[in-house]
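The values are calculated or read from the model by the stated rules, or taken from the named source; none is laboratory data. Everything numeric in this text was worked out from a predicted model, so none of it was measured. Note that each Cβ is placed from the backbone with ideal geometry, even for glycine, and that neighbours are counted across all protein chains shown.
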Amino acid sequence: MINGNMNQVNVFLQSISQTKSIENIWIIRGQNVIKQYGEANELVAPKDAIDEKVLQTGNTEFELNESLFSKAELRVTIPYKAVATQSINCLNCHEVKPNDTLGAVSIVLDVTDFKDNGIKNSLFIIFITLLTIGLILFFIKKTCLSIY
């Protein structure tokens with residue numbers, strides 16, 4: 001936005017969405033931006049209640065959709081707020097107060113690999129624990145039998 005390339009946002013989002021773990025990404029236009037620049041089109045309109053909630057509260061929302069034997073997806077919706085710093089000053093282009101929510105970015109990530117690795121690590125830890133308990137019991141039994 002700072003570079004005046006908001007008209008190329010779809011190209012930017014398309015290139016990001018080519019990343020391996022990214023399933024989907026979209027931008028949501030907030031009410032402050034709609035008042036100033038007009039109604040949002042389908043590419044920047046809120047898709048669901050999560051988008052609406054982030055725009056209203058200005059807080060990040062997380063949603064995890066997974067089950068044991070299926071794909072796991074993590075959705076994160078992050079608000080972007082008006083800031084006024086040396087390098088970025090949203091107040092130059094937007095008619096808002098500092099910290100007002102301008103919109104949000106939603107991203108859906110495939111976290112199946114993380115889930116699968118977590119399950120494998122848990123099973124490995126359980127196996128090592130049981131093996132250790134078995135060895136301890138074996139040596140206790142051997143020690144006790146040799147004493148008597």
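Quick notes
- Total residues in the stretch 72-97 satisfying the condition of being in contact with a Lys or Arg (Cβ under 9 Å, 6 or more places away or on another chain), part of a loop (DSSP other than H, G, I, E, B) and either of a type outside the set (A, V, I, L, M, F, W, C) or within 30 Å of LYS20 (Cα to Cα) (or both): the figure is 2.
Quick grid of which residues meet (1) closer than 20 Å to ALA45 by Cα; (2) modelled with pLDDT under 95; (3) surrounded by fewer than 16 Cβ atoms within 10 Å (Cβ to Cβ); (4) not polar (S, T, N, Q):
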position: VAL83; (1), (2), (3), (4): no, yes, yes, yes
position: HIS94; (1), (2), (3), (4): yes, yes, no, yes
position: PRO98; (1), (2), (3), (4): no, yes, yes, yes
position: ILE107; (1), (2), (3), (4): yes, yes, no, yes
position: ILE119; (1), (2), (3), (4): no, yes, yes, yes
position: PHE124; (1), (2), (3), (4): no, no, yes, yes
position: PHE127; (1), (2), (3), (4): no, no, yes, yes
position: LEU130; (1), (2), (3), (4): no, no, yes, yes
position: PHE138; (1), (2), (3), (4): no, yes, yes, yes
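- So PHE124, is it part of a helix (DSSP H, G or I) and under 30 Å from GLU23 (Cα atoms): yes
- Sole exception among (1) in contact with a Leu (Cβ under 9 Å, 6 or more places away or on another chain); (2) under 20 Å from VAL44 (Cα atoms); (3) among the hydrophobic types (A, V, I, L, M, F, W, C); (4) crowded, with 17+ Cβ neighbours inside 10 Å for LEU102, by number: (1)
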